[in-house]
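Working notes, structure below.
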Amino acid sequence: MESKNVIAAIALSSAVIVLYALFFTPEQSITKQNLSEKNKIEQNTDTPILEQKETLVQISREEALEKSDRVKFENQSIIGSIALKGAAIDDLTFKDYKISLESEEKVTLLGPRNIEEGYFIESGFVTTDKNIDIPSSDTVWSIVGNDILTEKSPIKLSWTNKQGITFEKEISLDDKFLFSINQKVINSTNKKYNFYSYGQIIRNKIPEGLSNFYILHEGPIATLDDELIEEDYDDIQDQKFSRTAQKGWLGVGDKYYVASIIPPKNKEFKTTFDYKNKFRANFITTEPLELNQNSSIEDSLQIIVAAKRVDVIDGYAESLNIDKFDLVIDWGFLYFITKPLFFGIDYFFKLLGNYGLAIIAITICIRLAFFPLANFSFRSMAKMKALQPEMVRLKELHKNDKMKLQQEMMALYKKEKVNPMSGCLPILVQIPVFFALYKVLFVTIEMRQMPFYGWIHDLSERDPTSLFNLFGLLPYDVPSFLVIGAWPVAMGVSMWVQQKLNPAPTDAMQAKIFMFFPLFLTVILAPFPSGLVIYWTVNNILTMAQQVFIMKRTTVKTAT
């Protein structure tokens, strides 16, 4: 039957998409390449060019930190230091996040500029006048007053050049991840100068452990004049990106963490992503600040080096009025489903105290939301199952006349008021929710290292047990491709049982494909986050309960 062919095609296509997404990273499509080329717009301005000439050295992080005097900073969320040589924020560790469940070591994001893993943020002023000394990466700044940066005590750094021009930075820190920097230039001479403010993030190499997964962007990111810009590391190695904007922000994003800069408000700036032996994301204002004789100029910017917690990111977006800063978290093209789904799960987590229970609760809510649609679909499927004997009789009666068979089938559907396509509806509804939940589990740090019950210690990772050692009862490990855990097996079994409740395909080939389908999806979904498998299993159970209830109440009388 054609309707059954459609259902089979939809189901199998969905499985192929899942398989492809899991095991392959597709090459950039022509469409994406064209968009990337469109975004790479060079705009000529008279602003200075930011150059970096540091040489990397083979020393440890600890040795590099000791090579410069430092200002320490600490609040309830982060701890680190700022190098007085160069005045860069180049040492930052998150207090609340471990590198793994098995380790007590905390996640360290930033590192000193001269080591291979260097990753740091700096800001200041530059000028087109080559006769003026400006602060560089070799400049040693002095501390004025307080020498420890906390949320209650800002610090001030100062440096004076040979021409009698003083550069100052006042840096403050909030209780989470925000550095606010007020930069000032004081002119004690009788000459006039023009200065441009800038900020830049420099990363010496592509980070280890990059997900390299096409559903997640990692690398330079910005929103410039309401447009989201996402450039992969490979993109900017091939060709730099540069654009002038009136508002926005820029940064470098990892899966769970981001380093970002918010340029001065109400000033046009040029953003550049490029690669010159290191990756750089920077801005520079396009209109100069005029520094008259015996006067001063100043500018302010914000730096956010954060774990990408939704409440933190959204809080900064609102309190600092940062345009589309919530897109730091890669919600994807299903944003309108993915983000509300996260808020629903987070609500139940706060209510129930466990993200696994929250996923089950949101699954129940989803089932209730689509209850009328599912009812319609299951009633039709129940009628289809009841019609099976009559359909078999018609197929045998008109086996040599396909046209007549089709006419009789359509007459039967019309008489019994059955829509053979209605069985597709539950599948079509579940697919976007399934991928949206996968996205939530994959990109949100709230789900990272969150346990369920029993053997599930991290809902964002696969079920660690395996059918092939009887879920740990046998004393040996199995290869990763044979790690098919208890929850995936439960999902496969529930799918098989659910399949038995549906009308059996009359075509022998379709019947074999459908029989194989639960096993196929069990193997494919085994490496997926356990939270996603829990959702699918519970959803199957709720679907079966609803389907059994409806089928018992649905009867169809047909002529024999």
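The values are calculated or read from the model by the stated rules, or taken from the named source; none is laboratory data. This one's a predicted model, so the numbers in the text were calculated from it and none came from an experiment. Here Cβ is always computed from backbone atoms with ideal geometry, including for glycine, and neighbour counts include all displayed protein chains.
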**Asked** If residue 141 passes every condition in (1) at pLDDT below 95; (2) under 22 Å from residue 302 (Cα atoms); (3) of a type outside the set (Ser, Thr, Tyr) but one, which one does it miss?
**Response** (1)
**Message:** Under 7 Å between Cβ atoms, which residue pairs at least 6 apart in sequence (or on different chains) link something in segment 536-548 that is under 20 Å from residue 438 (Cα atoms) with a partner that is surrounded by fewer than 17 Cβ atoms within 10 Å (Cβ to Cβ) and modelled with pLDDT of 90 or more?
**Reply:** 542/364
**Message:** What pairs come out if I take residues in segment 115-137 that are within 17 Å of residue 261 (Cα to Cα) and pair them with residues that are in a loop (DSSP other than H, G, I, E, B) and among the charged types (D, E, K, R) whose C-beta lies under 8 Å away, six or more apart or interchain?
**Reply:** 120/113
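Yes or no, residue by residue, for (1) of a type in the set (S, T, N, Q); (2) surrounded by 16 or more Cβ atoms within 10 Å (Cβ to Cβ); (3) closer than 30 Å to residue 528 by Cα:
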{"site": "219", "(1), (2), (3)": "no, yes, yes"}
{"site": "228", "(1), (2), (3)": "no, no, yes"}
{"site": "234", "(1), (2), (3)": "no, no, yes"}
{"site": "243", "(1), (2), (3)": "no, yes, no"}
{"site": "248", "(1), (2), (3)": "no, yes, no"}
{"site": "251", "(1), (2), (3)": "no, yes, yes"}
{"site": "257", "(1), (2), (3)": "no, yes, yes"}
{"site": "284", "(1), (2), (3)": "no, yes, no"}
{"site": "293", "(1), (2), (3)": "yes, no, no"}
**Request:** Please work out if residue 84 is in contact with a Lys or Arg (Cβ under 8 Å, 6 or more places away or on another chain) and touching a residue at least 60 places away in the same chain (Cβ under 8 Å).
**Result:** yes
**Prompt:** Does residue 265 count as surrounded by fewer than 22 Cβ atoms within 10 Å (Cβ to Cβ), closer than 30 Å to residue 187 by Cβ and not hydroxyl-bearing (Ser, Thr, Tyr)?
**Reply:** yes
**Request:** Could you tell me whether residue 342 is farther than 20 Å from residue 229 by Cβ and surrounded by fewer than 17 Cβ atoms within 10 Å (Cβ to Cβ)?
**Result:** no
**Message:** Can you name every one of the strands (runs of 3 or more DSSP E) wholly within segment 119-169 that holds 2 or more residues which are touching a Gly at 6+ places or on another chain (Cβ under 6 Å)?
**Reply:** 119-126
**All positions within segment 240-292 that are part of a loop (DSSP other than H, G, I, E, B), over 20 Å from the mean Cα position of the chain (by Cα) and closer than 17 Å to residue 120 by Cα** = 263, 276, 277, 278
**Message:** Can you say whether residue 104 is of a type in the set (Asp, Glu), assigned by TED's automatic domain parsing to the domain that holds residue 243 and modelled with pLDDT under 95, as far as the supplied structure shows?
**Reply:** yes
**Prompt:** Only one of (1) part of a strand (DSSP E or B); (2) under 18 Å from residue 303 (Cα atoms); (3) not β-branched (Val, Ile, Thr) fails for residue 228. Which number is that?
**Reply:** (2)
**Message:** For segment 170-217, give me each residue that is part of a loop (DSSP other than H, G, I, E, B), of a type in the set (Val, Ile, Thr) and under 23 Å from residue 234 (Cα atoms).
**Reply:** 206, 215
